[in-house]
Amino acid sequence: MDGNGRWAKQRGLPRIEGHRRGVEAVRTATYAARDLGVKMLTLYAFSAENWNRPKEEVGALMGLLELYLKKELETFVRDRVRLRTIGRTEGLPPGVQRLLAATIERTREFTDYTLVLALNYGSRSEILDAARAYAAAVGTGAERPGEATWASFSKYLYTASMPDPDLVIRTSGETRVSNFLLMQAAYAEFYFTPVLWPDFTKSDLAAAIADYSRRERRYGQTSEQLRPASSTT
């Protein structure tokens, strides 16, 4: 979700106003995705690198996150939206951690639609944490390195039990992935749009999904293998 700051700058507004409008776009995208048949939506809300921003901006972002969670908890429960998180959430402010824990607990039994917030997330950090956890499992005998597979290693990622993403969307015209789900997105389709995140609407999401639906996902195979000629008798 990129472009909050530029959205505000274009309008002569402080950056925090762009982030406020970005929170509104989060709510729009959450329910637009569900309406469009998406079963799981992951939003890159705060990266591990975002701590390097000015202290005042980081504080404001944490305040907006806390406010969002307070406002949306009952809505999530009412609409049966399950909340999950990925990232080093233990590094977030205590108030945010408590609200996340409460929301996750209240919504954990819902299965129809899941919203995942990537918070204090970085894919390289995730891989390091997974490697440490895997090494610890080797030390206890729970894992055998000689029998390692992607399936056995990936269960130590933050996204264990979650499906890999089919489609990754980046707003604001940037064409990089910025340390987001690097391993999980190995076979994802990417969609880049110039729309700034605060302006991202349901129709923009629908356009991205429509573009995705026209693509052929081959996973290393040829088109002919995916669409073999009909046999004749």
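Each value in this text was obtained by applying a stated rule to the coordinates, not by laboratory testing. Predicted model, so just to flag it, every value in this text is computed and none were measured. Using ideal geometry, Cβ is built from the backbone for each residue, glycine included, and neighbour counts are taken over all protein chains shown.
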All conditions in (1) in contact (Cβ under 8 Å) with a residue 40 or more places away in the chain; (2) in a strand (DSSP E or B) are true of G18 except (2)
*Is it fair to say E147 is closer than 25 Å to A48 by Cβ and not polar (S, T, N, Q)?*
no
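Going by the conditions given, is E126 of a type outside the set (F, W, Y), part of a helix (DSSP H, G or I) and loosely packed, with under 14 Cβ neighbours inside 10 Å? Steps first, answer last, please.
Details: of a type outside the set (F, W, Y): yes; part of a helix (DSSP H, G or I): yes; loosely packed, with under 14 Cβ neighbours inside 10 Å: no.
No, not satisfied.
On the given criteria, is V38 within 17 Å of the chain's Cα centre (by Cα) and part of a loop (DSSP other than H, G, I, E, B)?
Yes: the conditions hold for V38.
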Exactly one of G37, G87 is touching a Leu at 6+ places or on another chain (Cβ under 8 Å) and on the phi > 0 side of the Ramachandran plot, and that residue is G87
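Would you say L128 is touching a residue at least 12 places away in the same chain (Cβ under 8 Å) and under 24 Å from N52 (Cα atoms)?
Values: touching a residue at least 12 places away in the same chain (Cβ under 8 Å): no; under 24 Å from N52 (Cα atoms): yes.
Criteria not met by L128.
Within segment 1-15, restricting attention to residues that are in a helix (DSSP H, G or I) and among the basic types (K, R), which residue is farthest from S178 (Cα to Cα)? Show your work before the answer.
Our first condition is that a residue be in a helix (DSSP H, G or I); within segment 1-15, this holds for 4-10, 15.
Going one step further and asking which of them are among the basic types (K, R), we end up with 6, 9, 15.
Details: R6: 17, K9: 22, R15: 20 Å.
Top of the filtered list is K9.
Do you know which residues across segment 54-82 are outside any helix (DSSP H, G or I) and loosely packed, with under 15 Cβ neighbours inside 10 Å? Outline the logic, then answer.
Of segment 54-82, the ones outside any helix (DSSP H, G or I) are 54, 80-82.
Passing the criteria: P54, R80.
Suppose the filter is assigned to a loop (DSSP other than H, G, I, E, B) and under 27 Å from F153 (Cα atoms); does T85 pass it? Quick ask: steps written out before the conclusion?
On the way: assigned to a loop (DSSP other than H, G, I, E, B): no; under 27 Å from F153 (Cα atoms): yes.
So T85 does not fit the description; no.
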